[in-house]
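Novice: Let me give you the structure first, and then I'll get to my questions.
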Amino acid sequence: IFNLRWICWLSPFIPIFINPNSYFSSFLSFLLAVLGCFLSQCQCRCSPGMAHQSPLSLAGLPQAQSLAGAQPNVEKLVEDHLAVQSLIRAYQVRPVSHHWLSQTVPSGIMDSSLDSHVPIYIITSSDKLSFYGLDESDLDKVFRLPTTTFIGALRPVHSGSFSWSMAYCQHIGVEFMFINDLDQCQWIREKFEKPGVMQFTLEEKRTLLARMVRSTRFEEFLQRKWSSEKRFGLEGCESLIPALKTIIDKSSEKGVENVVMGMPHRGRLNVLANVIRKELEQIFCQFDSKLEAADEGSGDVKYHLGMYHRRINRVTDRNITLSLMANPSHLEAVDPVVQGKTKAEQFYCGDTEGHKVMSILMHGDAAFAGQGVVYETFHLSDLPSYSTHGTVHVVVNNQIGFTTDPRMARSSPYPTDVARVVNAPIFHVNADDPEAVVYVCNVAAEWRATFHKDVVVDLVCYRRLGHNEMDEPMFTQPLMYKQIKKQKGVMQKYGEKLIAEGVVTRQEYEEEIAKYDKICEEAHVRSKDEKILHIKHWLDSPWPGFFNLDGQPKSLTCPSTGLTEEELTHIGQVASSVPVEDFTIHGGLSRILKARGEMIKNRTVDWALGEYMAFGSLLKEGIHVRLSGQDVERGTFSHRHHVLHDQNVDKRVCIPMNHVAPNQAPYTVCNSSLSEYGVLGFELGFAMASPNALVLWEAQFGDFHNTAQCIIDQFICPGQAKWVRQNGIVLLLPHGMEGMGPEHSSARPERFLQMCNDDPDVLPVEDFAIRQLHDCNWIVVNCSNPGNFFHVLRRQILAPFRKPLIVFTPKSLLRHPEARSNFDEMLPGTDFQRLIPDNGPVAQNPAGVKRIVFCTGKVYYELTKERKAHGMEDTVAIARMEQLSPFPFDLVKAESEKYPNADLVWCQEEHKNQGYYDYVKPRMRTTIDRAKPVWYAGRPPAAAPATGNKKAHLVELKNFLDTAFDLDAFKDQM
């Protein structure tokens, strides 16, 4: 018995090491502790000589005694304590307040995604006590609670008072018991279970009221002035403004200096006005239908625009920089963009733990549950090269998505359930209780500052008006909106509460309202002086000093992108070595590095070395290079090998690129999660933070970009036109018909070219090389040799502006023996060639050339092989169009005029309705004599990008190559 007693005394602590937060662990700990106590009592009774010794006491050992002082039997003691602990556990595990017990739903309407019945595990009356083996008499007992709760401040608690109901069944519901970290769970318990934790000073209440007044009266002012204008107002969730300001205040107190924010359109104007503090007249002038557009950019609607502002935080008296990212109607598309910019800001200021820079993301309930990019973004939250060390997510939970109620919009009980995948605590709060909202937001900001992990605040509110101010919600949700119409505004309710408490007088309350109304009226008068819409006032990512040099605008010139032979040799030697001692690499990799060394001796580079030369030279010049995507460290086609792995030591790696020069910029190369939408958005955001970085995203195969199409369509392609926001991100898209089937063959160049903004019918008259680049929305290239790839990457940084660069990179050309460049093509004085003319035998006798074939990319090598086989090297010229957009009108004109007797052919390996033909044909016709046809040689139209049959692929290849060298075939087309 003595041994059993000690075993039972120690055993409660054993399950803690198994899983400190599991229900089974808690149950086993308690059961063994009670058994130990019982055995110790048995030992005392069985050993008279030991009767004078007290049994060992355990801290927090559950014990109960009746008010009459009668000693209960051990069986009843165990059952009662287990019942109480199970009851408490039910409240901790299930955020019951959100739907059933608490008043978290302001409208009083039960969430339609769940049944209206109350589950049996929720205690609403004594008749449910029997589920836990309790009865009415147990309500008069006092229990000592376990250490897994802070209810009752660790003092004995009267079970009839149900203190856990006070903690979990008011205006706040907490989800946290799925977190597998005991310290984190205890931290949350302490914040919500201790009695009296939600206390506010008189000054804090007055500040909160002032913020509620600003939030509410701003919306009411807009409704009075522009009742028929769409603005996606905040009515029904006005507490969002004090919520955000509380998060910012608390974060500023904890040392944060920079906050990057993203949100959908609902409430954006209010956030701009009362959180970011944009001038009200700049907002009000947007409603003027006579406002003229500025010269630059096509602009965007007011509720999509962003803002950047540095100001003093009045609560902490510290400087704070706030930026709200522009976001289109693709509600959650901005999430990874915000995270990428936040990561970049942290990187550039050396904030490795997220102490100075943080992100806040706002969401709608339907979008948070329904849009997959939310899940992709969450899964970046703890990855080393993507983590922003905690994001505060604020969900504006309207309990409806446009006209779709929750039971049709999601399969999970709560819209926030997606956050559970990363163990983020979720705080549900009634948005009609401003004090509860502020308390929860304070806790959320503290959580982020303490643990540097994501946290979710679910503002359970309602949408007073329809989807927008012109919408009629009674069509689809009549009962809900009948109830909403009866709802008193939260500002009015809170004002009356504070008046009743004596915090403010009615006169002070009305004066606060009148003061803000006056501010709005005066700003409205000033807004009438605005005649032109200046999008630059809404810029969310300014680049101070980049566009000017010594106070003057930069000239539209670009220096040579070539390097000295010494630099090329040095970088090549780094690329072919292992600059770390006692590092064992794979035998196959040793052969690759040796081959690189041989190429350097021969003054040649392949594709991988050309890329290495570009990256290494920019790093030496202080330009940060970041390459991200699936499997980019090695390269999908095993050609890059930028990260070397020690074959004998786990996780020991070497990145030779970080050993190029002593004072070089850092090189970041990181394999991403299996995500395109989220990761491309992240890299776009990273590139927004600074123009002095080369940020590249590589698709595993070119067609993978289609799952990131939203980022391309909404941010990259029109970003400068909509938001005057230049961006230099580079997309590397492996492309080429290799006979491997329709998947992974085509990067869909036709899609990118169709979105180019150059006019096919207008021949530019200014300098083509740089002016065209300045005026285009993005640059599209398909390089045929590594030297040109080297130049276009360097030009991306040396140009005096930033444009997105789309590169169709090769697959088979990575190791093609003819796809090599000589050092002479990369020396000082050399540049990117937009079009590479034919310098072979045809150049010696241009008049004798019968045909000139224009092409781009890999097909050039197949054409030259076929030309040689036909013995037509002196009669057919082949010109490579390396830059497709902006279109090289000048070089195409010069090349076609060089061969006056030649027919013009466009040859591509893609199908006729895909690839480049529809883009280049009208532009070529604009360039040359319109009477001259542009013949087509390529695959016929098709629905799929390529055939799945190898033999069919080869037949198609032979057919279009024959067509390219056979004039009669052209005539058959017409």
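Novice: What residue, among those in region 746-762 that are charged (D, E, K, R) and not in a loop (DSSP other than H, G, I, E, B), is nearest to residue 918 (Cα to Cα)?
Specialist: Within region 746-762, the match that is nearest to residue 918 (Cα to Cα) is 750.
Novice: Another question, if that's okay. Looking only at helices (runs of 4 or more DSSP H) that fall completely inside region 179-282, which ones have 1 or more residues that are assigned by TED's automatic domain parsing to the domain that holds residue 335 and among the aliphatic types (A, V, I, L, M)?
Specialist: Ranges flagged: 202-225, 240-253, 268-274.
Novice: Also, quick follow-up: Six or more apart or on different chains, Cβ atoms under 7 Å: show the pairs whose first residue is in region 258-283 and under 24 Å from residue 346 (Cα atoms) and whose second is among the basic types (Lys, Arg) and part of a loop (DSSP other than H, G, I, E, B).
Specialist: Hits for this filter: 258/356; 272/278.
Novice: For residues that are closer than 25 Å to residue 248 by Cα and not in a strand (DSSP E or B), tally how many sit in region 386-408.
Specialist: Going through region 386-408 one residue at a time, the tally reaches 6.
Novice: Just to verify a result, which residue in region 927-951, among those that are in contact with a Ser or Thr (Cβ under 8 Å, 6 or more places away or on another chain) and aliphatic (A, V, I, L, M), is farthest from residue 904 (Cα to Cα)?
Specialist: In this case the residue turns out to be 946.
Novice: Moving on. Mind telling me which of the residues 327, 397 ends up being over 26 Å from residue 624 (Cα atoms) and over 18 Å from the mean Cα position of the chain (by Cα)?
Specialist: It is 397.
Novice: I've got another one for you. Scan region 370-389 for residues that are surrounded by 24 or more Cβ atoms within 10 Å (Cβ to Cβ) and small (Gly, Ala, Ser) and jot them down.
Specialist: none
Novice: Another question, then. Looking only at region 300-351, how many residues end up being under 11 Å from residue 685 (Cα atoms) and surrounded by fewer than 20 Cβ atoms within 10 Å (Cβ to Cβ)?
Specialist: Result for region 300-351: 0.
Novice: Residue 417 is checked against (1) modelled with pLDDT of 95 or more; (2) among the acidic types (Asp, Glu); (3) surrounded by fewer than 23 Cβ atoms within 10 Å (Cβ to Cβ) and fails just one. What number does that condition carry?
Specialist: Failed condition: (1).
Novice: What are the residues in region 432-467 that are of a type outside the set (A, V, I, L, M, F, W, C), assigned to a helix (DSSP H, G or I) and either farther than 18 Å from residue 362 by Cβ or not assigned by TED's automatic domain parsing to the domain that holds residue 400 (or both), if any?
Specialist: Correct list: 435, 439, 446, 450.
Novice: Looking at residue 728, is it surrounded by 17 or more Cβ atoms within 10 Å (Cβ to Cβ), of a type outside the set (Val, Ile, Thr) and assigned to a helix (DSSP H, G or I)?
Specialist: No: the conditions fail for residue 728.
Novice: Do you know which residues across region 700-725 are in a loop (DSSP other than H, G, I, E, B) and touching a Phe, Trp or Tyr at 6+ places or on another chain (Cβ under 7 Å)?
Specialist: Within region 700-725, just 717 meets the criteria.
Novice: Another question, if that's okay. Within the group 770, 806, which residue is part of a strand (DSSP E or B) and on the phi < 0 side of the Ramachandran plot?
Specialist: Unique residue meeting the criteria: 806.
Novice: Oh, and also: Which numbered condition in (1) aliphatic (A, V, I, L, M); (2) within 38 Å of the chain's Cα centre (by Cα); (3) assigned to a strand (DSSP E or B) is the only one that residue 797 fails?
Specialist: In the conditions (1) aliphatic (A, V, I, L, M); (2) within 38 Å of the chain's Cα centre (by Cα); (3) assigned to a strand (DSSP E or B), residue 797 misses (3) alone.
Novice: Using beta carbons and a limit of 8 Å, which pairs, at least six apart or on different chains, have the first residue in region 392-414 and closer than 20 Å to residue 424 by Cα and the second one at pLDDT below 85 and surrounded by 24 or more Cβ atoms within 10 Å (Cβ to Cβ)?
Specialist: Qualifying pairs under 8 Å: 413/99; 414/95; 414/98.
Novice: Right, something else. Look through region 778-794, keep the residues that are part of a helix (DSSP H, G or I) and more than 28 Å from the chain's Cα centre (by Cα), and return whichever of them is farthest from residue 560 (Cα to Cα).
Specialist: The extreme case among them is 786.
Novice: With a cut-off of at least 1 residues that are touching an Asp or Glu at 6+ places or on another chain (Cβ under 9 Å) and either of a type in the set (S, T, N, Q) or outside the structural domain of residue 805 (by TED's automatic domain parsing) (or both), name the strands (runs of 3 or more DSSP E) lying wholly within region 613-699.
Specialist: The qualifying strands (runs of 3 or more DSSP E) are 624-629, 667-671.
Novice: Let me ask you something else. So the check is Cβ under 9 Å with 6+ separation or different chains; which pairs have a first residue in region 810-821 that's surrounded by fewer than 20 Cβ atoms within 10 Å (Cβ to Cβ) and a second one that's β-branched (Val, Ile, Thr)?
Specialist: Close Cβ pairs (under 9 Å, with a partner that is β-branched (Val, Ile, Thr)) amount to 818/864; 820/604; 820/605.
Novice: Within region 707-725, restricting attention to residues that are more than 24 Å from residue 623 (Cβ to Cβ) and polar (S, T, N, Q), which residue is surrounded by the most Cβ atoms within 10 Å (Cβ to Cβ)?
Specialist: Filtering region 707-725 for residues that are more than 24 Å from residue 623 (Cβ to Cβ) and polar (S, T, N, Q), the one surrounded by the most Cβ atoms within 10 Å (Cβ to Cβ) comes out as 714.
Novice: Has region 839-857 got any residue that is under 30 Å from residue 700 (Cα atoms) and surrounded by fewer than 21 Cβ atoms within 10 Å (Cβ to Cβ)?
Specialist: There is no residue in region 839-857 that is under 30 Å from residue 700 (Cα atoms) and surrounded by fewer than 21 Cβ atoms within 10 Å (Cβ to Cβ).
Novice: OK, next. Just to be sure before I move on: is residue 429 part of a helix (DSSP H, G or I) and either buried (at least 19 other Cβ atoms within 10 Å of the Cβ) or not assigned by TED's automatic domain parsing to the domain that holds residue 364 (or both) in the structure I sent?
Specialist: Criteria not met by residue 429.
Novice: With the condition kept exactly as written, say whether any residue in region 730-739 is within 18 Å of residue 797 (Cβ to Cβ) and touching a Ser or Thr at 6+ places or on another chain (Cβ under 9 Å).
Specialist: Yes, region 730-739 contains at least one residue that is within 18 Å of residue 797 (Cβ to Cβ) and touching a Ser or Thr at 6+ places or on another chain (Cβ under 9 Å).
Novice: Which members of region 190-211 meet the condition of being surrounded by 19 or more Cβ atoms within 10 Å (Cβ to Cβ), within 22 Å of residue 447 (Cβ to Cβ) and touching a Leu at 6+ places or on another chain (Cβ under 8 Å)?
Specialist: Across region 190-211, there are no qualifying residues.
Novice: For region 845-885, enumerate the residues that are in a helix (DSSP H, G or I) and either free of Cβ contacts under 8 Å to residues at least 24 places away in the same chain or touching a strand residue (DSSP E or B) at 6+ places or on another chain (Cβ under 7 Å) (or both).
Specialist: The answer is 859, 860, 863, 864, 865, 867, 868, 869.
Novice: Inspect all residues belonging to region 735-745 and state whether any of them is of a type in the set (A, V, I, L, M), buried (at least 23 other Cβ atoms within 10 Å of the Cβ) and part of a loop (DSSP other than H, G, I, E, B).
Specialist: yes
Novice: Looking at 637, 615, 546, which is the one that is within 25 Å of residue 788 (Cβ to Cβ), in contact (Cβ under 8 Å) with a residue 40 or more places away in the chain and in contact with a Pro (Cβ under 8 Å, 6 or more places away or on another chain)?
Specialist: Matching residue, one of 637, 615, 546: 637.
Novice: Let me ask you something else. Could you list all residues from region 284-297 that are more than 28 Å from residue 246 (Cβ to Cβ), surrounded by 14 or more Cβ atoms within 10 Å (Cβ to Cβ) and either of a type in the set (A, V, I, L, M, F, W, C) or at pLDDT below 75 (or both)?
Specialist: Within region 284-297, 285, 287, 291, 294, 297 meet the criteria.
The values are calculated or read from the model by the stated rules, or taken from the named source; none is laboratory data. On a predicted model such as this, the values are computed, not experimentally measured, just so you know. Here the Cβ is made from the backbone with ideal geometry for all residues, glycine too, and neighbour counts use every protein chain on show.
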